[in-house]
Amino acid sequence: MTSTPTKRPIYLDHQATTPVDQRVLAAMLPYFTDHPGNPASNSHLYGWEAEAAVKQARTAIATAIQATPAEIYFTSGATEANNLAIKGVAEAYIQRGKHIITVQTEHNAVLEPCRYLESLGFDLTYLPVQPDGLIDLQELEAAFRRDTILVSVMAANNEIGVLQPLAEIGALCRRHEALFHTDAAQAIAKIPLNVQTMQIDLMSITAHKVYGPKGIGALYVRRRHPRVQLAAQLHGGGQERGLRSGTLPTPQIVGLGKAVELGLAEQALEQHRLSESRQRLWQQISTLEGVYLNGHPEQRLAGCLNVSFEGVDGAALLLGLQSIAAVSSGSACSSARVTPSHVLLALGRSPSLAQASIRFGIGRFNTAAEIDQVAQQVIATVQALRSSRVAETLYH
Ligand SMILES: *Cc1c(COP(=O)(O)O)cnc(C)c1O
């Protein structure tokens, strides 16, 4: 490609998805062309090469979370991993109980499988969160019942970046003999994750939030102490030890492995840099009156900043930023209906404030100059919208 004629907005939506790191792409490319084998073909070199590449990625992912390679099952992403974990456990443990605990601020890829299970007769508890987005451990403790089979609490929130206390939750689950699943789509390779010390039994991950390709993820399923039972949700050729049929996509799997490996190797440095960028952005934006940080100020993803702006229209704010920064709003548009984010409402934000919120997702390739440029545009846009509103009220 040659140079682009017009300047494109700065990409600040890394909680939605990330670009593929060039190093990840380079690792993937040979598996599209030179090494096209099916990892399940055990009668020739092409199959063996592909199988070796898959094995290497599986090991990299297992190592990153202190699991063993046999506990890693490749899926199409975190949505599928969440579905397999939640529905798979529900189906396998139905004789033991029908009660599942989750949280109001979970991603829809957890909430919707839970609602589906409710329609089948399962009992769901949706825990509220505190104003900082963290769950109250005493409320979790009180929610356990004798028939609780599963607790699903995300590692890092995709809208506000808040990090839930996984080790404490894991300990409570163990004490109450319920399995612990965590959706770590936003957390993998960004924060330390250890399925042993955190007593995690199932963990969903995805590549495209951590500079890997879209369409690939994995589910960790504990094999010992306890050995988690899971009912397959896809039936076919019996790949992934019968738990997830379908030809393994070698290039994507190689990409996931490489992305996790890189994220882990550069974790400390990168998170420090992202944290500084986030603070740089917040320091400038918070010179405005009537701005509120959403989520716990420290216990959060380094690159994620979610801010509510009083006295402005959310859609107008997005429009004002559009040419400068690609960011995300605190509302979801589905079929022409704009609904405030369920996460911000769960924090206790009013619908109007929730609607006037922006998620800034800073990533690996953003520069300090870009952060300053976005901050200036945010300040200018908010001031312009507020003064036009003042003018409106003066004339009416
Ligand atoms: C992105 C995301 C998902 C969905 O992951 P896919 O791989 O796109 O299916 C699930 N949970 C969280 C927290 C996410 O951020």
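FYI, it's all coordinate maths here, none of it is from the lab. The structure presented is a predicted model; accordingly, all values stated were derived computationally and were not measured. Note that we place each Cβ from the backbone using ideal geometry, even for glycine, and neighbour counts take in every protein chain shown.
When the alpha carbon coordinates of region 1-123 are projected onto the principal axes, the ranges are 55, 51, 26 Å, largest first. When the alpha carbon gyration tensor of region 239-339 is reduced to an equivalent ellipsoid, its three semi-axes come out at 35, 22, 12 angstrom, largest first.
Relative to the longest principal axis of the chain, what angle (0 to 90°, nearest 10) does the C-alpha long axis of helix 368-395 take? The helix 368-395 is inclined about 50 degrees to the chain. Here R175, R58 are placed in order of increasing Cβ neighbour count within 10 Å, fewest first, which gives R175, R58. Fewest-first ordering of T6, T75 by other beta carbons within 10 Å of each residue's beta carbon gives T6, T75. Each Cα pair under 8 Å and six or more residues apart adds its sequence gap; the mean of these over the residue count of region 22-265 is a relative contact order of 27 percent.
In the chain, if the dipole is taken from +1 on Lys/Arg beta carbons and -1 on Asp/Glu beta carbons about the Cα centre, which of Q267, I160, L137 is farthest to the positive end? About the Cα centre, the residue reaching furthest to the positive side is Q267.
By the count of other C-beta atoms within 10 Å, a proxy for reagent exposure, D34, D136 are ordered fewest to most as D34, D136. In percent, rounded to a whole number, the relative contact order of region 267-395 is 31, using alpha-carbon pairs under 8 Å and six or more apart. In terms of its Cα atoms, the chain spans 77, 58, 39 Å along the principal axes, sorted from long to short.
The alpha carbons of region 267-395 give a radius of gyration and a Dmax of 14.8, 54 Å, in that order. In terms of Cα atoms, the Rg and Dmax of region 44-196 work out to 16.6, 58 Å.
Helix-only arithmetic for the chain: the sum of -39500 (n - 2.57) across DSSP H runs with n ≥ 4, divided by the residue total, places the mean residue ellipticity at 222 nm at -12000 deg cm²/dmol.
Quick one: which of K55/K190; K87/K258; K98/K190; K55/K98; K55/K209; K98/K209 span more than 26 angstrom between C-alpha atoms? Check vs 26 Å cut-off fails for K87/K258; K98/K190; K55/K98; K98/K209.
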